[in-house]
Every structure is written in C-alpha cells, then in structure tokens.
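Participant: One structure follows; several queries about it will come next.
Any read-out appearing in this document is the output of simple, stated calculations on the displayed coordinates, not a laboratory observation. These numbers were taken from a predicted model, which means no experiment stands behind them. Counting neighbours? That spans all protein chains shown, and the Cβs are built from the backbone with ideal geometry, glycine included.
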Amino acid sequence: MKKFIYILLKVFIFLLFILVVGCKERKDIQKKQNQLFSPKKTEVIDYEERISWYLKRRKIEPVLVFSNNGISEINMEGYNIKWRQNSNENGLEISINGKIIETKGKIALNSAWGEKRDSIWYLNNISQIKLYKYEQASIIAFLLIYHPCNGHGCSVNYQLFYDTKTGKESYFSRFRTGFELELYDFNYDQKIDFLSKRFDGRNSASMVDTTTFEMYSRLENGSFDKYKDSAQNHYWFRYIYASSSRIPNPNIFEEHWIEKIIKK
C-alpha cells in the first residue's frame, strides 16, 4: 500500500511539473507575439526643453544688465548712453559717449517671419541694455521695441549690437523671444555668436508650425555674419511642432550644426 501511494505521489509531482512548464512556455510565446505585433513605444522628446538646456550651456554672461524703467539715459562702465525717438516717428536716436546712432533706414540682417527682412525705423524705445566683454571684444547690446505694440510687432523683438572698438552696428529681428537678448560662444572659439530665430509659417491643413534658428558670428571688424562650414553651408537647426495641444504633435527636429544638439 505504501509503495502504491509513493508511486501516485511521484506521478502527481511529474504532472504538476509539466503543467508549470507548459504555462511558462505559453506566457513566453505570448510575450514574444506582443513584442512582434504590438506597436513599439518610442520616447517622446521635449525638444523645446532640450534646446533651452543647450543654449544655457553656451550662453555668455554679460558684465552689466539694464532693464528700462522709464528713463532715457544711463551710465554703464564708462559709457554714457542716451536715447530718444526721432521727430515724425523716424526711429530711435541713440547716443553712446556722444556718438550718434540712428535706426532710421536700418534693416535687420535676418528675417523673423518668412523671407522678408524687417525695417527698424518704427521702433521707438529701448527695453534692455547689456554690456558684454568677452575675450578681446566689447559689445553693447540693445533690445529695441515699439510701444504700444500691434500686429506683427508684438511677436518680434529687435536687437542692436554695437561694437565699442570698431563702431560697427548689427541689427537683428527675432520671433517670439519675449525679453530674450543673449549672446553665445557655440563652438568654444572665443568668438561671440548670435542665434537668430525665424518663424517659417504654419501649414493650414495640418496646423503644424516650423521655427528655424541660424548662427551668426562676430567678425574681426565687429560686424556679424552667418557662420559657415568649409563648404560654405551655414549652420542651423529647425523645430517642427503642432500649433495646438489638440493636434497630434509631429515633434520633428532637424539640424546642420557644429555639434549634435539632440543626442538620442
């Protein structure tokens, strides 16, 4: 009798082992099928956050910053700076230690919206001034605005970079930057760089927006020009995104840059 019970117990243990192994194999097969036939989940990259983080690491810190609180004259590290609106609203007149700069007739080096470059004549005030001293260069940077803004002018800010050693003036426009007025050293060559920002338009069918950034670098004569590679192709990166949170986000980033901004 004991022998019979022992045989039954061995048979039960064997059947239980077969059942457990079979269940595990079925689960493994199901898992592989799910991996093969289910859509793969991809990481959603927040490109705006990545771009912002990259720019913070390349930013040059100014020596002094002045944010306008309604005055029209300041002294900054030995520079006496005054400004006023010209008669008949023909731009700004800026005086730097007696040297007069007039924005009337000046055109931005870049476009902020589409292909057309903006005229600077209608701007009537200065929102911010920064003094940069970097390596051998010294630049006074002005954030120019029109107040009160309307239409296109509310989406674009304008920058004037004045080289204190050569007297060169460089004007830029930048799309939807708020109060951003920054300079960079993108490739660690001890040269001052500026990043333009252009809105390339909205696809009315898909409601997808495109924004392109381009790199400008300071030349020896104090002016700025597009920075190019050995094949004379300029450096840029582009972000393509949905204009509304209710629209599926294409989340596309393209670049021809001096280094990889987005490392996937």
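Participant: Ordered by packing density, taken as the mean number of other Cβ atoms within 10 Å over each peptide's residues, highest first, how do 127-135, 63-71 rank?
Facilitator: Values: 127-135: 18.0, 63-71: 11.4.
The packing order, highest mean first, is 127-135, 63-71.
Participant: Where does each of 108-115, 138-145, 52-59 land if you order them by average Cβ count within 10 Å, highest first?
Facilitator: Going by the mean number of other Cβ atoms within 10 Å, highest first, we get 138-145, 108-115, 52-59.
Participant: Residue by residue through the range 70-75, what is 3J(HN,Hα) from phi via Karplus (6.51 cos²θ - 1.76 cosθ + 1.60, θ = phi - 60°)? Round to whole Hz and write x for glycine and proline.
Facilitator: Each residue's phi maps through the Karplus curve to give x, 8, 9, 7, 9, 10 Hz.
Participant: Please compute the modelled spin-label separation between D225 and I252, points set 7 Å along Cα→Cβ, answer in nm with one decimal.
Facilitator: A separation of 3.2 nm, rounded to one decimal place.
Participant: Taking amide hydrogens as modeled 1.01 Å from N in the peptide plane, which residues meet the under 5 Å criterion relative to L64, leaving out close sequence neighbours?
Facilitator: The list, which skips near neighbours in sequence, is L131.
Participant: Sticking with the crude label model, points 7 Å out along Cα→Cβ, report the distance from E73 to K99 in nm, one decimal please.
Facilitator: It is 2.0 nm.
Participant: Using the reciprocal of the averaged 1/r over all distinct C-alpha pairs, how large is the Kirkwood radius of the range 47-256 in Å?
Facilitator: Taking the inverse mean of 1/r over all distinct Cα pairs, the range 47-256 comes out at 18.1 Å.
Participant: Hey, what do the phi angles of the range 111-126 turn into as Karplus ³J(HN,Hα) couplings, whole Hz, using 6.51/-1.76/1.60 and θ = phi - 60°, x for Gly and Pro?
Facilitator: For the range 111-126, the Karplus-derived couplings read 9, 9, 8, x, 9, 6, 8, 7, 7, 9, 4, 7, 5, 10, 7, 10 Hz, x marking Gly and Pro.
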